[in-house]
Amino acid sequence: MNDYKVLGYMASLFSQFLYNPLKEEEWEKIKKEEILLEWFIHSDDSNSLQGNKFWKNSHFQENYLDLATDYVDLFICDEISLKAPPYGSFYLDVTGELYSEESDRVKEFYTRCSFFTKVLLEQPADFIAIELEFLSMLLYNANKDEVYKEVLKNFLEENFLSWVNVWAEDTKNNAKSNFYKGLGAHMKNFCDLLSKEFCINNIEKKVFRKAS
C-alpha cells in the first residue's frame, strides 16, 4: 500500500466510531456522505468484502438508536457477560482487570511521543479508541521522522495487533447491528493491512481470553 495517510485516516475514522455512540446528526452525516456505501479501501480480502456488505445493509436499514443500543451492549458491557471489551488489558493481562501493567506500558508509548488526549483522564490508556487515535498520529508522521516509524512498528508488535485482531472478531461475532459487525470485519482487514505494510509476522504477546 505504501500510503500511511490512508491507513492513518482509517485509524482516525475508526477511533471516532468507537469513542462514543454515534449521535443522530453524526449518523445522518455519515449516511449523507455515503461513507458506508463508498468505502475507499478496495480489496478482495474476505473481511473487507464482508464489512462492505454489512455496512451497505446498515446504511439502508439502521438508525442511530440501533447503533447506540449495540454500542452499550458491546463495549460498556452488561452485568451478565462481556461482549467485546474495548481494552487491551482484558485480552493481554492475566487478570483481565483495567488499569493494569498492560495499560501502563501503552501509556509509556504515549509519553514517548508526547501524545495526550483528555479521554486519558477518564479511560485506561489501552482503550481501543485512544490507541487508534495514537496510531493515526504515528501513521501521519511516519514519513516525516524515522522515530515515529520505529515507535509505530514497536507499538503494533508489542500491543495493538496482538489483541485488536481478536477484539475485532469478538465485535463482529457479538454485534447485533450491521454497523458494528461491519466495523469488526473492517478492523480485521485493517490489522492485516498493517501487518503486511510493516512486515510484522511474529507477535509475541499472548492473548489470555476472548469474549466470543
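Bear in mind that the values in this text are calculations on the coordinates, not laboratory data. What you see is a predicted model; the values in this text were computed from it and never measured. Here the Cβ is made from the backbone with ideal geometry for all residues, glycine too, and neighbour counts use every protein chain on show.
The order of the peptides 126-134, 66-74, 165-173 by mean Cβ neighbours within 10 Å, most packed first, is 126-134, 165-173, 66-74.
For the chain, divide the Cα radius of gyration by the Kirkwood radius and give the resulting Rg/Rh value with two decimals. In the chain, Rg relative to Rh is 0.94.
Between rounded, prolate and oblate, where does the stretch 141-180 land on the alpha carbon gyration tensor, with a ≥ b ≥ c its root eigenvalues, rounded for a/c under 1.5, else prolate if a/b exceeds b/c? Because a/c hits 1.5 or more and a/b fails to exceed b/c, the stretch 141-180 counts as oblate.
Within the stretch 26-113, the proportion of Cα pairs with more than 14 Å between them is 75 percent.
Could you give the DSSP H helices of the chain that reach 27 angstrom or more along their long axis (alpha carbon positions) and whose average Kyte-Doolittle hydropathy is no lower than -1.0? Working shown, then result.
Details: long enough: 178-197 (28 Å, -0.43).
Taking the DSSP H segments of the chain (at least 27 Å long, mean hydropathy at least -1.0), we get 178-197.
Distance from the Cα centre of the stretch 141-195 to that of the stretch 1-76, in angstrom? Going from one Cα centre to the other spans 14 Å. With a ≥ b ≥ c taken as the square roots of the eigenvalues of the C-alpha gyration tensor of the stretch 115-197, please select rounded if a/c is under 1.5 and otherwise prolate if a/b is larger than b/c or oblate if it is not? Taking the square roots of the gyration eigenvalues as a ≥ b ≥ c, the stretch 115-197 is oblate.
When each of VAL6, VAL164 is scored by the number of other beta-carbon atoms lying within 10 Å, the sequence from fewest to most is VAL6, VAL164.
Over the chain, DSSP H runs of length four or greater, each weighted -39,500 (n - 2.57), average out per residue to a 222 nm ellipticity of -18500 deg cm²/dmol.
Dipole of the chain computed with +1 at Lys/Arg Cβ and -1 at Asp/Glu Cβ about the Cα centre; of GLN123, TYR180, CYS113, farthest Cα towards the positive end is TYR180.
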